Structures are given as C-alpha cells and as structure tokens.
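The values are calculated or read from the model by the stated rules, or taken from the named source; none is laboratory data. Note that the coordinates shown come from a computational prediction; the quantities given were computed from them, not determined experimentally. Note: ideal-geometry Cβ built from the backbone for every residue, glycine included; neighbour counts use all protein chains shown. To get the accessible areas, we keep the full protein, side chains included, count just its heavy atoms, and leave off ligands, DNA and RNA. Shrake-Rupley method; radii C 1.70, N 1.55, O 1.52, S 1.80 Å.
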Amino acid sequence: MTDTDQRAGYVAIVGRPNVGKSTLLNRLVGQKISITSRRPQTTRQRIIGIVTRPGVQYVFVDTPGFQNRHGSAMNRLMNRSVSRSIADVDAVIWVVEARQLLAEDKAVLALLQGGVPVVIVVNKIDELGNKNELLPFMQELEALAHPAAIVPVSAKSGLGADHLLEALAGLLPRQDRLYGEDEITTASERTLAAELLREKLFRLLGEELPYSTAVEIEKFEIVDGLRRIHAGILVDKAGQKGIVIGKGGEKLKQIASQARMDMERLFGGKVFLEVWVKVKSGWADDSAILRRTGIE
Ligand SMILES: Nc1nc2c(ncn2[C@@H]2O[C@H](COP(=O)(O)OP(=O)(O)O)[C@@H](O)[C@H]2O)c(=O)[nH]1
Ligand SMILES: [Mg+2]
C-alpha cells in the first residue's frame, strides 16, 4: 500500500462479439485505437487503451470476442485470450446489449466467476425505443451476476461514459499512475496502422472479405515528421485479389485513402501510404504496386 490519493489499475472489457467492446474503448480513450465492425471477430489482438483523469488512471484491455459457436483454433485462441485478460486485472467490464441476453453472453459471464469485481455495461441504449424496458432488464442482470454496478451506455454517442468511469474508479487500487499522463495506448504505431487498414477492409468489403485476409506492414519509417508506410494485404486465392482491388482499382483506392486519413488523425501527422495486394502463396503476384495515397 502507498499513501497516495491516486488510483490506477487494469480493467478488462469482455463480452460476446458485436456488443460494442471496441467502440466503447475508443469512446473512453477518445481516439480510434481498436477497430470496430458490424462483422463479429474483427478484434484479433488485445489492445490496451489508457485513460487518465484527475486522481485516477484506467488501463483498459480490449479483448477479442469470446466465441463458442465454432471450435476453430482461432476461437480457442480468442477464448484463451479472454481468460488470460481476466486473470490479472482489477476490474472487469462485461458488455451486453440492451434487452438481449443470449446464451453467448451467459457463456462469457461463466468465465468471470472468481473474485474480480464486475461492472456491467448495458450498451446500445440509443437503440431502445422504450426506455422503460431498461429497468426490468437491469434487475435481471443484477440477480444473475451480482455486479459492483450496472451502467447503461451508448458507446456510439458517449452517453453514460462518464458514469462508467465513476463507477470504476473506486474499484481500482490506490497506487500511482502506471503510464504517462498523455499516453493513450501501448500498441505501436505499426500495429495501429495495420489495424486501421484492416478495419477499412472489413468496412468496405463487408461479407465479401474472407476472414483469412491479413495485413502486413512491410515498412514503417518516419522522416521529417512524415510517416511512410508500406502495407501488404494478403489474400488466399488469386480470385480474392480482384475483390479487394475492385473495378478499375476503385475499392482499393477507397480503402487506402480512408485508412490513411484515420492514421493521420491518430498519429497527428502526414502519412504516405502504399498498399499492395498479394496472394499469400503466389510469388508472381508480388510485383504490381497497386495504390499510393498521401503526399509524395
Ligand atoms: N447503435 C449502436 N451501435 C453500436 C454501439 N456500440 C457499438 N455499436 C455497433 O456495434 C457493432 C459492433 O461494435 P464493436 O465495437 O466492433 O463490437 P465488439 O465486437 O464487441 O468489439 C458496430 O457496428 C458498432 O458500430 C452503440 O452504443 N449503439
Ligand atoms: Mg472488438
């Protein structure tokens, strides 16, 4: 114990896919550091977001969605990552969607037994037509999980976000800050660049995009404040390459320029982005340079 008035600690954000965990993290941090999508399972890595307020520092850990529908290696890996995230945190935010409590939600709750205080976030309250539906739902959650608090939130609009921070503050141990005051994440710019590009792929290709698509940052240099980033989009089959590139290269152009704008916002500086599409196994496809965006 220290005699500091400061509180600081780790908070894991858990919940089934699509409830809004990454959106919530971005809202709390005030920057897009974790990617979001209508398609479940977009978050593949643990992303740490840091929020510093007078007297308290929250270190949030966004987790890939807990999955129990398919027994794939990827899902097992994600579930293990959720369990590991929960193991060494001071508090857990369990995110559920307003009104809907599915078997998948309860499966996440089952992972949470074990002494760590849980704050339930009832997200997407902006979608509730009738606010009276909230109270019985919250009573049901209270009885089910005995949480430290239940906070209705709209991660999308920010409604309730301050209440959530207040509810969490008292659950964190008294200790000095763990990170610098102005740090917002521990992820490297390289990782963030890859994530932002991946998000645009999901957003602009939707269902057409195979899950196996990967992004690889081949070069990341900063010269005189300009970030030069070379990224490869890796697909499995030659046929998928055309989907990513689109007619006349339009799709890839959109993907690259939207990703670049997000990177510039997040990094606070100019970005020159070069994106290639490659077939994972096909060396013959490595040659074509496909899209450049940003200043030369
Ligand atoms: N209407 C509404 N949509 C939300 C809210 N929070 C997240 N979403 C949407 O829900 C989808 C899944 O969000 P995401 O953060 O990726 O969920 P995750 O899988 O739990 O990380 C995205 O389309 C978000 O825009 C909210 O408060 N209100
Ligand atoms: Mg996510």
- List every residue pair whose Cβ atoms lie under 9 Å apart, where the two residues are 6 or more positions apart in sequence or sit on different chains, the first residue falls within segment 159-175 and is modelled with pLDDT of 95 or more, and the second residue, located anywhere, is of a type in the set (A, V, I, L, M, F, W, C) and open to solvent by 90 Å² or more (accessible area, probe 1.4 Å). 173/1; 174/1; 175/1
- Message: When you scan segment 223-231, do you find a residue that is more than 30 Å from residue 52 (Cβ to Cβ) and basic (Lys, Arg), even just one?
- Response: yes
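Sort through 199, 207, 221 and tell me the only one that's open to solvent by 60 Å² or more (accessible area, probe 1.4 Å) and either part of a strand (DSSP E or B) or closer than 21 Å to residue 272 by Cβ (or both).
Numbers: 199 fails: open to solvent by 60 Å² or more (accessible area, probe 1.4 Å); 207 fails: either part of a strand (DSSP E or B) or closer than 21 Å to residue 272 by Cβ (or both).
Among 199, 207, 221, only 221 is open to solvent by 60 Å² or more (accessible area, probe 1.4 Å) and either part of a strand (DSSP E or B) or closer than 21 Å to residue 272 by Cβ (or both).
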- Note on residue 148: of the conditions (1) within 16 Å of ligand 1 (Cβ to nearest atom); (2) free of Cβ contacts under 8 Å to residues at least 60 places away in the same chain; (3) not hydroxyl-bearing (Ser, Thr, Tyr), unmet is (1)
- Just give me the residues in segment 1-27 being open to solvent by 10 Å² or more (accessible area, probe 1.4 Å) and more than 9 Å from ligand 2 (Cβ to nearest atom), in sequence order. 1, 2, 3, 4, 5, 6, 7, 10, 16, 26, 27
- Being over 11 Å from residue 57 (Cα atoms) and open to solvent by 70 Å² or more (accessible area, probe 1.4 Å) is the filter here, so list the residues in segment 166-181 that pass it. 166
- Residues satisfying the stated conditions in segment 42-75, i.e. modelled with pLDDT of 55 or more, within 14 Å of ligand 1 (Cβ to nearest atom) and polar (S, T, N, Q): 42, 43, 45, 63, 75
